[in-house]
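Everything on this sheet refers to the single structure shown next.
The values are calculated or read from the model by the stated rules, or taken from the named source; none is laboratory data. Fair warning: this is a prediction, and the values are worked out from it, not measured in the lab. Heads up, the Cβs are rebuilt from the backbone with ideal geometry, glycines too, and the neighbour counts pull from every protein chain shown. SASA here: full protein model, heavy atoms, side chains in, ligands and nucleic acids out. Shrake-Rupley method; radii C 1.70, N 1.55, O 1.52, S 1.80 Å.
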Amino acid sequence: MSWSIAQVARMSGVTARTLRHYDDIGLLKPDHVGANGYRYYEEAQLLRLQQILVLRELGLALADIAEAIDSEPDTLVALRRQYGRLIVERDRLSRVAETVRRTIVDLEGTREMVHINRPENLFEGFDQSQYDDEARERWPEEFERAQARRVTMTDEDMRRWQREATAAMIRMAEFMAAGTPVDDPAVQDEIHQHYQGICIWWTPNRNAYKCLGQMYVDDERFKANYLKIAEGLAEYQAAAMAAYAEARLSD
């Protein structure tokens, strides 16, 4: 049985224009062209089109798709391999979706709002007096600067800062779920934004920034913030911060 290009377009959701483009670049040739000049496709072409769409969903470029399909002439073997990749991607997206769902719940106020806190712990959510003396002793100048900065911020400024911090944590959770190495440029760009945000309050050097990341892991009250987003996120964040500190900061 043959299907015209219009029929294939309707059943697949791929436009006739795209199908013609696939033909032009050799990615998907029709089985034959009728006397009327129309392209016709049979089952083999439909199966190839399915593989094209699967690999396109996985983010491959058209040239890479052609190479991937042509390297495995056995359609069943190719589909099994692609199925495996889809399952992995499904699981990854499920984890990301759960991360976003939890944060939506937080932001809707149905449970305690996620709070991200700096080392001096000057934000809401903790007993600030527990950390003030330590912060004043360890970083006297930075502590006073942070205190002065906080006085100038309204409640809405603080809420906006915390929303932005939560969004950054979600992006880091997405990197972690995807298995992205902590020294990947995209992760390091995200950490650079985190560092710049910290610099609003104080300017940590290499060792201080690494210690800050380790604090997210070691202090259960800090770690709880990351657990509200994703399991293992505090450790991933700390490792990424350590990589950033080694690469970009000085003592």
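Suppose the filter is under 23 Å from GLU67 (Cα atoms), at pLDDT below 95 and not in a helix (DSSP H, G or I); does LEU27 pass it? Before you say what the answer is, go through the steps one by one.
Working: under 23 Å from GLU67 (Cα atoms): yes; at pLDDT below 95: yes; not in a helix (DSSP H, G or I): yes.
Answer is yes for this residue.
Taking the criterion of being open to solvent by 60 Å² or more (accessible area, probe 1.4 Å), among the aliphatic types (A, V, I, L, M) and in contact (Cβ under 8 Å) with a residue 12 or more places away in the chain, the only residue of the stretch 63-99 that qualifies is LEU86. Summed over the stretch 20-30, the residues that are open to solvent by 80 Å² or more (accessible area, probe 1.4 Å) and touching a Leu at 6+ places or on another chain (Cβ under 9 Å) give a count of 2. The selection criterion, being in contact with an Asp or Glu (Cβ under 6 Å, 6 or more places away or on another chain) and surrounded by fewer than 17 Cβ atoms within 10 Å (Cβ to Cβ), holds for ARG206.
Tallying residues that are buried (at least 19 other Cβ atoms within 10 Å of the Cβ), over 18 Å from GLU98 (Cβ atoms) and among the hydrophobic types (A, V, I, L, M, F, W, C) within the stretch 216-238 yields 2.
Here ASN36 meets each of (1) open to solvent by less than 70 Å² (accessible area, probe 1.4 Å); (2) over 34 Å from the mean Cα position of the chain (by Cα) with one exception, condition (1). Between GLN51, GLN45, the distinction of being buried (at least 17 other Cβ atoms within 10 Å of the Cβ), closer than 30 Å to ALA177 by Cα and of a type outside the set (A, V, I, L, M) belongs to GLN51 only. Candidates in the stretch 2-19 are the residues that are assigned to a helix (DSSP H, G or I) and more than 34 Å from the chain's Cα centre (by Cα); of these, the one that is surrounded by the most Cβ atoms within 10 Å (Cβ to Cβ) is VAL8.
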